[in-house]
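Heads up, the thing below is written out as structure tokens.
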Amino acid sequence: PPLHPATHQPVGPEDLAPLFPMGLILQEVSSERYIDIPPEVLDVYRTWRPSPLYRARRLEKALGTPARIYYKYEGVSPAGSHKPNTAVPQAYYNKEAGRTKITTETGAGQWGTALSYACALFGMECEVWQVGASYDAKPARKLMMQTFGAKVHRSPSDATEAGRTLRKDPKNHSGSLGIAISEAVEAAVHDETTAYALGSVLNHVLLHQTVIGEEALRQLAKVEETPDLIVGCVGGGSNFAGLAFPFLREKLQGKMAPEIIAVEPANCPSMTKGEYRYDFGDAMGMTPLMKMHTLGHGFVPSAIHAGGLRYHGMSPLISHIYELGLMKAEAVPQTECFRAALQFARTEGIVPAPEPTHAIAVAIREALECKQTGKEKVILTALCGHGHFDLAAYEAYLSGTMTDDLLSTEQMNAAMASVPEVKQ
């Protein structure tokens, strides 16, 4: 269970109430197999859901593979990604609880955009701390959040004590999701009318995102296909879980047997190189301790272009099933990801956001292996967003200035040194 940051005892609803409405707290600890989606949320979902499932026929042809590649495209949402799937219900439950404002962090800007949109729908204020590297590289994301009515800060900022403290150290200049979370949490706890919302990691967030996989199950059934391989990118884990968890349920029930692979950045490899232990979800140690794969809450990854994957920890649920051996994980450098992104864009006509290029890269690897073996695998992946606001990243790749800054042992040891020891 999550532990209180001060006492290291299991947290109860009263510990989470200053940040989250009771409706979401109950979802966080629910043992129910299904939870009904409120009609008000369904009404908003109908704007873009169900999202399309495409077969990548032109990519298959270019690769010369016998594999059949399908991708679930979430870029059709108002925010251009999968993030509204949880932003809308989170805004709804907060509005029902009487909250008038929500604070949050954002890495690539996808989550901040989604929550800004959701808050506008329900007549709420939204204040966002955007990771510094993303704020600098993606000014259009800031403008989109402001268009939806949000107030946006570059993190670390002067607006919070956490930000003022952390920005004194030059290594924190580019920011991180852990730092931005600290700032957003601090801003929320001092005002009872304000709530905090997290765009990934937590159980209720992953629950909301399973609408992706539930739709994909039905869409594949219509064309009489069953996936042999499911590939998704992971940062905190919401997009990956949203696609994979419904299929994992079917696998555990013996209805299918797909291999499931999570793909993370080589310079922020919480699953493939991190330790499975209790750690804070933020840089300042303000959040509950969660048992997860972590690189250390003080870890600040280099400023790769997949800002949404620059998080030190992994969802506790995904960490758990990884430990059980129900899935695999791979780490891929960003140059390989963008090479795959160009191949995808030039065949399928969609410019992917930097985050899902990690999954595309591994899907292409697997498809090329099928070319060698002659196996006709069915590969399913989640294209969780478009890259229309990420063209600076493509420019870096096309100009040859993009580099792969891999995580060193020294960096990891330094970050892990501050992780608390928890007796279990």
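The values are calculated or read from the model by the stated rules, or taken from the named source; none is laboratory data. What you see is a predicted model, and the numbers here were worked out from it, not measured in a lab. Positions of Cβ are backbone-derived with ideal geometry, glycine not excepted, and every protein chain shown enters the neighbour counts. With ligands, DNA and RNA removed, areas are computed over all heavy atoms of the protein, side chains included. Shrake-Rupley method; radii C 1.70, N 1.55, O 1.52, S 1.80 Å.
Inspect region 52-73 for any residue being without any contact (Cβ under 8 Å) to a residue 60 or more places away in the chain and closer than 29 Å to LYS101 by Cα and give the result as yes or no. No, there is no match, as no residue in region 52-73 is without any contact (Cβ under 8 Å) to a residue 60 or more places away in the chain and closer than 29 Å to LYS101 by Cα.
In the set (1) open to solvent by 20 Å² or more (accessible area, probe 1.4 Å); (2) part of a helix (DSSP H, G or I); (3) over 24 Å from VAL211 (Cβ atoms), the condition left unmet by SER134 is number (1).
Residue by residue, here is whether (1) free of Cβ contacts under 8 Å to residues at least 60 places away in the same chain; (2) crowded, with 24+ Cβ neighbours inside 10 Å; (3) more than 20 Å from TRP111 (Cα to Cα) holds:
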site	(1), (2), (3)
ILE261	no, no, yes
LYS273	no, no, yes
ALA283	no, yes, no
PRO288	no, no, yes
HIS297	no, yes, yes
GLY308	no, yes, no
SER315	no, yes, no
HIS320	yes, no, yes
LEU324	yes, no, yes
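Do you know which residues across region 368-407 are part of a loop (DSSP other than H, G, I, E, B) and open to solvent by less than 40 Å² (accessible area, probe 1.4 Å)? Quick ask: steps written out before the conclusion?
Step one: filter region 368-407 for residues part of a loop (DSSP other than H, G, I, E, B), giving 374-377, 384, 387-390, 400-407.
Those that are part of a loop (DSSP other than H, G, I, E, B) and open to solvent by less than 40 Å² (accessible area, probe 1.4 Å): CYS384, GLY387, ASP390, MET402, LEU407.
May I ask you to list the residues in region 98-114 that are within 18 Å of PRO354 (Cα to Cα) and outside any helix (DSSP H, G or I)? Residues satisfying the conditions are THR106, GLY107, ALA108, GLY109. Considering only region 139-159, how many residues are part of a loop (DSSP other than H, G, I, E, B) and buried (at least 23 other Cβ atoms within 10 Å of the Cβ)? Looking only at that region, the number is 2.
Residues in region 44-70 that are open to solvent by less than 60 Å² (accessible area, probe 1.4 Å) and of a type in the set (D, E, K, R): 3 in all.
If the condition is being out of contact with any Pro (no Cβ under 8 Å at 6 or more places or on another chain), open to solvent by 10 Å² or more (accessible area, probe 1.4 Å) and not hydrophobic (A, V, I, L, M, F, W, C), then region 174-195 contributes SER174, GLU186, HIS190, ASP191, THR193. Determine whether region 68-84 contains at least one residue that is in contact with a Pro (Cβ under 8 Å, 6 or more places away or on another chain), modelled with pLDDT of 95 or more and acidic (Asp, Glu). No, every residue in region 68-84 fails to be in contact with a Pro (Cβ under 8 Å, 6 or more places away or on another chain), modelled with pLDDT of 95 or more and acidic (Asp, Glu). Within region 408-424, if we keep just the residues that are open to solvent by less than 90 Å² (accessible area, probe 1.4 Å) and in a loop (DSSP other than H, G, I, E, B), the residue that is farthest from HIS4 (Cα to Cα) turns out to be SER408.
Among the residues of region 187-223, just one is hydroxyl-bearing (Ser, Thr, Tyr) and free of Cβ contacts under 8 Å to residues at least 40 places away in the same chain, namely THR210. Only one of the listed residues (GLY23, GLY12, GLY107) is loosely packed, with under 14 Cβ neighbours inside 10 Å and either within 22 Å of the chain's Cα centre (by Cα) or not hydrophobic (A, V, I, L, M, F, W, C) (or both). That residue is GLY12.
Listed conditions (1) under 23 Å from ASP43 (Cα atoms); (2) assigned to a strand (DSSP E or B) are all met by LYS95, apart from (2).
Residues in region 360-400 that are more than 21 Å from the chain's Cα centre (by Cα), under 27 Å from TRP111 (Cβ atoms) and hydroxyl-bearing (Ser, Thr, Tyr): TYR397 alone. Among the residues of region 71-91, just one is surrounded by fewer than 24 Cβ atoms within 10 Å (Cβ to Cβ) and not in a loop (DSSP other than H, G, I, E, B), namely TYR73.
Considering region 293-328 alone, what residues qualify as being under 24 Å from LYS251 (Cβ atoms), out of contact with any Phe, Trp or Tyr (no Cβ under 6 Å at 6 or more places or on another chain) and in a strand (DSSP E or B)? Scanning region 293-328 gives a single hit, LYS328.
Which one of GLY178, GLY132, GLY163 is among the small types (Gly, Ala, Ser) and more than 16 Å from ALA303 (Cα to Cα)?
Working: GLY178 fails: more than 16 Å from ALA303 (Cα to Cα); GLY132 fails: more than 16 Å from ALA303 (Cα to Cα).
Checking each option against the conditions leaves just GLY163.
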